[in-house]
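*Asks:* Dropping the structure in here first, questions after.
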Amino acid sequence: MAVYKRGYQRYQGPLTGHWTRLLSLPRFSWERLFQQRLVVLLLTASLLWPLLCGLFIYLSNHLEIFASLTNSRDSNNGLAKFMEINGNFFLIFMNAQSVFSVLLAALAGPGLIAPDLANNALPLYLSRPLTRKDYVMARLLVLVGLLSTVTWIPGLTLFGIQSGMAGWDWMMDHLRLAMALFLGFVLWILVVSLVALASSAYVKWKIVAGALVLGFFFITAGVATMVNAVFRVNWGTLLNPAKAMYVVWGEMLGVDSTVVGLSSQGYDGPGSVACGIALLCLVGVLGLVLERKLRPVEVIK
């Protein structure tokens, strides 16, 4: 039969599910990411601190090792207080891992959207049964999966190690720490991932986009410091997402306000609620940037 005699016929075969189509993009992106040596090296380096924290937890639950070296009761009590596993311990852990998450996002994020925009490949994606929201969600899942391996997954692992050594009672008394680890890191991952995606969408060069991710956190920290110094206030902290997230983590972990920079002698800066609202506003702004830049057709007037 001649080709021109064949009319159009709709595809009648089996259809894949929505999540199957959505997860196909992260699957290939993860495969490409783990082929990059810098990403693998940084990912490996970011797991060294959790290993050291795990060693610290082991030693804190076996203080008899140090007790055999000294007979001073005061020194033993001071050492036990210093090595106590509490909110301060996990706050230090979260603050250190947040640095690695920013570095990983700066390496992995620019390669997710910038090449598609530079090569006009976005119409090819959206011509499939994928919407712009699906495309953004797929790219977001890449960073969420990558950053989870250095944030809340090792954090909850450390909490599980401590629970196994300290016992059931300790775990039930400190469930707040586990919830704070998970929810606090999820919010941070969302902020960092959206910054990386927005930078990748706004700048079509991968190297410049990666520098923009790092520059965003340095510039906002500098602007916040300048605002505080010029106006002699502490509300400039709201312009620094890293510091605002630190305040939120401190509240979630039940850490003393003086540790996170809030004076115990009175109100000295934005609290956790104000910082949380500022972070959510930042997430909304970054979402608007992605909505503006990720369009299959750009009309130039």
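The values are calculated or read from the model by the stated rules, or taken from the named source; none is laboratory data. Note that the coordinates shown come from a computational prediction; the quantities given were computed from them, not determined experimentally. Don't worry about glycine lacking a Cβ; one is built from the backbone with ideal geometry, like all the others, and counts go over all protein chains shown.
*Asks:* Test Leu183 against the criterion of being more than 12 Å from the chain's Cα centre (by Cα) and either touching a residue at least 24 places away in the same chain (Cβ under 8 Å) or farther than 15 Å from Arg295 by Cα (or both), and give yes or no.
*Replies:* no
*Asks:* Return the residue satisfying two criteria in turn: it lies in region 117-151 and is hydroxyl-bearing (Ser, Thr, Tyr), more than 16 Å from the chain's Cα centre (by Cα) and part of a loop (DSSP other than H, G, I, E, B), and of such residues it is modelled with the lowest pLDDT.
*Replies:* Filtering region 117-151 for residues that are hydroxyl-bearing (Ser, Thr, Tyr), more than 16 Å from the chain's Cα centre (by Cα) and part of a loop (DSSP other than H, G, I, E, B), the one modelled with the lowest pLDDT comes out as Ser127.
*Asks:* Confirm whether Phe159 is closer than 20 Å to Met252 by Cβ, in contact with a Cys (Cβ under 8 Å, 6 or more places away or on another chain) and assigned to a helix (DSSP H, G or I).
*Replies:* No; evaluated as a whole, the condition is false for this residue.
*Asks:* Next up: Determine if region 268-277 includes at least one residue that is crowded, with 22+ Cβ neighbours inside 10 Å, at pLDDT 90 or above and assigned to a helix (DSSP H, G or I).
*Replies:* Checked region 268-277: at least one residue is crowded, with 22+ Cβ neighbours inside 10 Å, at pLDDT 90 or above and assigned to a helix (DSSP H, G or I).
Quick grid of which residues meet (1) without any contact (Cβ under 8 Å) to a residue 40 or more places away in the chain; (2) closer than 22 Å to Leu279 by Cα; (3) hydroxyl-bearing (Ser, Thr, Tyr):
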{"site": "Arg139", "(1), (2), (3)": "no, yes, no"}
{"site": "Val144", "(1), (2), (3)": "no, yes, no"}
{"site": "Thr149", "(1), (2), (3)": "no, no, yes"}
{"site": "Trp152", "(1), (2), (3)": "yes, yes, no"}
{"site": "Phe159", "(1), (2), (3)": "no, no, no"}
{"site": "Trp188", "(1), (2), (3)": "no, yes, no"}
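*Asks:* Taking Asp256 and the conditions (1) closer than 29 Å to Asp173 by Cβ; (2) at pLDDT 90 or above, which numbered condition does it fall short on, given that it satisfies the others?
*Replies:* Failing condition for Asp256: (2).
*Asks:* Taking Thr237 as meeting all but one of (1) surrounded by fewer than 18 Cβ atoms within 10 Å (Cβ to Cβ); (2) modelled with pLDDT under 90, write down the number of the exception.
*Replies:* (1)
*Asks:* Restricting to region 104-147, and then to whatever is surrounded by fewer than 18 Cβ atoms within 10 Å (Cβ to Cβ) and in contact with a Phe, Trp or Tyr (Cβ under 8 Å, 6 or more places away or on another chain), can you tell me which residue is nearest to Lys204 (Cα to Cα)?
*Replies:* In this case the residue turns out to be Ala118.
*Asks:* Moving on to the next point. Which one of Trp170, Trp188 is part of a helix (DSSP H, G or I), modelled with pLDDT under 95 and among the aromatic types (Phe, Trp, Tyr)?
*Replies:* The conditions single out Trp170.
*Asks:* Which of the residues that make up region 14-36 are part of a helix (DSSP H, G or I) and under 16 Å from Pro110 (Cα atoms)?
*Replies:* Selection gives Leu25, Pro26, Phe28, Ser29, Trp30, Glu31, Arg32, Leu33.
*Asks:* Could we say that Leu38 is touching a Leu at 6+ places or on another chain (Cβ under 8 Å), loosely packed, with under 13 Cβ neighbours inside 10 Å and at pLDDT 75 or above here?
*Replies:* Details: touching a Leu at 6+ places or on another chain (Cβ under 8 Å): yes; loosely packed, with under 13 Cβ neighbours inside 10 Å: yes; at pLDDT 75 or above: yes.
The answer is yes for Leu38.
*Asks:* Continuing with the same structure: For a quick check of your reading of the model, give me the residue pairs whose first member lies in region 209-238 and is outside any helix (DSSP H, G or I), whose second is crowded, with 17+ Cβ neighbours inside 10 Å and not aromatic (Phe, Trp, Tyr), with beta-carbon atoms closer than 9 Å and at least 6 apart or on different chains.
*Replies:* Hits for this filter: Val233/Val227; Val233/Gly269; Asn234/Asn228; Asn234/Leu262; Asn234/Gly269; Asn234/Pro270.
*Asks:* Going residue by residue through region 93-101, is there one that turns out to be in contact with a Cys (Cβ under 6 Å, 6 or more places away or on another chain) and either of a type in the set (Ser, Thr, Tyr) or at pLDDT 95 or above (or both)?
*Replies:* yes
*Asks:* Another question, then. Residues Ala45, Ala80, Ala114, Ala67: which one is at pLDDT 90 or above and either of a type outside the set (Asp, Glu) or within 30 Å of Gly287 (Cβ to Cβ) (or both)? If you could, list the steps in order and put the result at the bottom.
*Replies:* Numbers: Ala80 fails: at pLDDT 90 or above; Ala114 fails: at pLDDT 90 or above; Ala67 fails: at pLDDT 90 or above.
Sole residue among the options that is at pLDDT 90 or above and either of a type outside the set (Asp, Glu) or within 30 Å of Gly287 (Cβ to Cβ) (or both): Ala45.
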